Amino acid sequence: MAVELRVLGPVELRVDGRPVEIGHARQRCVLAVLLMEANRVVTMEQLLDRVWADRLPYKARQVASNYVSRLRQVLPGDVAIARHGGGYVLQVDPEAVDVHRFHHLVRQARGQDDAQALASLEEAARLWRGEAFEGLDSPWIATVREGLAPGTVRRGRRPCGPGARAGQTRGPVRGADRASASPSAGRTGHRAADARAVPQRPPSRGTPEVRPHPRTPGRRGGCRSRPGAA
């Protein structure tokens, strides 16, 4: 059974190539939070902050737990949401999550020769299906989306990462025009990637890690569908 969990575009779950309904905007946002921290613990406080910001619902912890329970019902058997201490950890093969697969390919390209690096970056670029978390909006999503967006992968002289149009990936690959994936997408070098473009430690399926994420003052508004989104 092939499982795909996607955030580089609309938040989606696919099993054997077929989409699985995962619920409305808030529930998709809960899944997005867990996916971005795959195999790492998300505390209840972090989950509430990222999904609802400073507009918590009545009995917020119970509401969040209900969303997690609903997600458990639709996730396939080799993907699990486990309770860990005061939070949750989504246990999954990182290669099944497009954003972690993307980062893996970019890291891999750093140690390859030019031809192999280009192939890796082209594969990474194909994982993008549009804007990250397409159709969803929240302060947390906006921050993460902004951090992901500059990691555009380039092929030749034209981008083939997020936002690239069909037909824009053709053309010769020359010297400084080689593929790049870094916080400043226009800067190139001998290698195709910049170490700062990706996390230094990919998520693993070992002991869950709890990472502090302090609440950001002044953030307003929880996760919601963007106007005009399906």
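Suppose we keep only residues that are farther than 22 Å from R18 by Cβ and in contact with a helix residue (DSSP H, G or I) (Cβ under 7 Å, 6 or more places away or on another chain) within region 75-93. Which one would you say is surrounded by the fewest Cβ atoms within 10 Å (Cβ to Cβ)?
The extreme case among them is G86.
Any residue in region 99-120 that is under 18 Å from V3 (Cβ atoms) and of a type in the set (V, I, T)?
Yes, some residue in region 99-120 is under 18 Å from V3 (Cβ atoms) and of a type in the set (V, I, T).
Is one or more of the residues making up region 64-81 part of a strand (DSSP E or B) and over 14 Å from C223 (Cβ atoms)?
Yes: region 64-81 contains one or more residues that are part of a strand (DSSP E or B) and over 14 Å from C223 (Cβ atoms).
Restricting attention to region 36-46, does a residue exist that is of a type in the set (K, R), surrounded by fewer than 18 Cβ atoms within 10 Å (Cβ to Cβ), part of a strand (DSSP E or B) and at pLDDT 95 or above?
Scanning region 36-46, I find no residue that is of a type in the set (K, R), surrounded by fewer than 18 Cβ atoms within 10 Å (Cβ to Cβ), part of a strand (DSSP E or B) and at pLDDT 95 or above, so the answer is no.
Being part of a helix (DSSP H, G or I) and either surrounded by fewer than 16 Cβ atoms within 10 Å (Cβ to Cβ) or not assigned by TED's automatic domain parsing to the domain that holds R50 (or both), is that true of even one residue in region 127-138?
No, region 127-138 has no match at all.
The values are calculated or read from the model by the stated rules, or taken from the named source; none is laboratory data. These figures come from a predicted structure and were not determined experimentally. Methodologically, a virtual Cβ is constructed for each residue, glycine included, from the backbone with ideal geometry; neighbour enumeration extends over all protein chains shown.
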